[in-house]
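All remarks here apply to the structure that follows.
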Amino acid sequence: MKIVNIEDFFHPDAGYQVNILAKYFAKFGHDVVVFCAEMDKIPEGLTSFFGRDNMPERDAEYERRYNVRIVRVPVRKYMSGRVIYDTKALMAGLKAEAPDIIYTHGNDTFTSIWTILNRKKFGCPVITDSHMVEMASENRFRKAFRAFYKAFVTPAIIKDRITVIRTMDSDYVQTSFGIPLSQAPFISFGTDTMLFRPAEDAAGAGGDGADGGSSGSCGAAGLRKELGIPEDAFVILYAGKLDEAKGGQLLADLTCEDLGTNREIVYLIIGNTVGEYGAKVEKTFEESPYRVVRIPTQKYADLSKYYQIADLSLIPAQCSLNFYDLQACGLPVIAEDNEINAKRTSYGNGWTFRPGDVEDFKARVRGALEMDGAEYKTVSDNALRVIRETYDYQEKAREYEKEILDAIERYRQANAG
């Protein structure tokens, strides 16, 4: 079947849900297209993390590697964190594709609302999903927006039984938009185990992994040497944005805290900083009594080799998709205590700390450092077990595929005759 995905911001080097799902849908034999915004219309604050140079070549490489077609759609403007497409161009493009289903990512975007309200014009069913939780919903117009959504969008969702997949185990879509949970199945994020696995597993698979993203155990040792990190050093890793929302300064402050250990500690920090806030974060890193290895933002497919040389990973604020990727490499995670992270670390696979509290953050890191080897290995093994049993994208993508097939069947039945 032909699956057309619509995503406001798509970057071929990223590891967002749409990047991975599209790849797996194509692997399953489907014809997969991603409609997304022209990159030059996206604000620099959003694109600076991955960059936007040579986008045609980067798009072409993703298409070649994964057999997924990318269609860049003209954009009128970017407003309030949302892409406003040239809807005539978007409509023409969607009709020209003649898809079996349209999967519009993020049910609360302008694009998804437009798609839902225009669903009768496509000749195929529409499915969507929700990536939001209450703690991330901070827009000052949210009350008015939710009232609008409940009045105009939710009735259409209910009437046509449009599926809204919850990617977070939260009732946010029900409490915020009035969407019945019976139409909002929960399918979690996961990890791409073709890329992310422990170094010893990657070595057993032949070194580079099925997708070119793993360096194997010899490669891991070689990378430590390349970065000047001693083999016996304890490496604490963070990979992601270093802005205020993701706790960049809190992380930097942690690196300056005395961990009370004689072990050699190295912080491996991957990600770009931006603006005045970023400059302050970088300055704080320079003041750390420990060695801080700074690496710029990496392609998603290149991250696993860095994860494989680390011993512990951090999520200083909110929650992060790379939680699962880190765990798939056997890394215990210390994360901010919130609804999502509390559930994710409830398997003896990590710990949480009080939000914004550098002392509690430090205490959790010290606790990990003070664990004996066997106890720490148990936490690492728990991380791997949970990923393999529950969060492998090979299986997660099949769950998404089932919802898509069910939506197509409902549409056919509703339009039979």
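What follows draws every value from the coordinates through simple rules; no lab data is involved. The model shown is predicted, which means the values in this text are computed figures rather than measured ones. Here Cβ is always computed from backbone atoms with ideal geometry, including for glycine, and neighbour counts include all displayed protein chains.
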For the chain, longest principal axis from Cα atoms; helix 216-226 axis from its Cα atoms; angle between them, nearest 10 degrees, is 60 degrees
Checking SER80, SER188, SER320 against a Gaussian network model of the chain (alpha-carbon springs below 10 Å), the top fluctuating residue turns out to be SER80
Expressed in nanometres to one decimal, the distance between label points 7 Å along Cα→Cβ at ARG161 and TYR16 is 3.1 nm
Rounded to the nearest Å, the spacing of the alpha-carbon centers of region 278-302 and region 246-267 is 12 Å
Scoring the chain by relative contact order with C-alpha pairs under 8 Å, at least six apart, yields a percentage of 14 percent
Checking THR87, THR191, THR111 against a Gaussian network model of the chain (alpha-carbon springs below 10 Å), the top fluctuating residue turns out to be THR87
Zone reached by a paramagnetic label modelled 7 Å from ASN118 Cα along Cα→Cβ, restricted to region 10-51 with backbone N below 20 Å, covers 10, 33-39, 41-42
Rounded to the nearest 10, the angle in degrees between the Cα long axis of helix 275-286 and the longest principal axis of the Cα atoms of the chain comes to 20 degrees
So, with points 7 Å from each Cα along the Cβ direction, the LYS343-SER188 label distance in nm works out to 0.8 nm
Relative to the chain, whose Cα atoms define the longest principal axis, helix 393-414 and its Cα axis are tilted in degrees, nearest 10, by 10 degrees
Calculated from DSSP helices alone, with each H run of at least 4 adding -39500 (n - 2.57) and the total divided by the residues of the chain, [θ]222 nm to the nearest 500 comes to -12000 deg cm²/dmol
Number of Lys pairs in region 199-390 closer than 18 Å at Cα, excluding neighbours under 8 places apart unless interchain, is 7
Taking alpha-carbon centroids only, region 81-100 lies from region 46-62 a number of Å equal to 21 Å
So ASP302 and ASP372, fully extended at 0.36 nm per residue minus their Cα-Cα distance, gain in nm 22.1 nm
Pseudo-spin-label distance ALA89 to GLU395, built 7 Å along Cα→Cβ, given in nm, is 4.2 nm
Contact order relative to length for region 199-390, counting C-alpha pairs under 8 Å separated by 6 or more residues, stands in percent at 20 percent
Of ALA239, ALA156, ALA37, the most mobile residue in a GNM of the chain (C-alpha springs, cutoff 10 Å) is ALA156
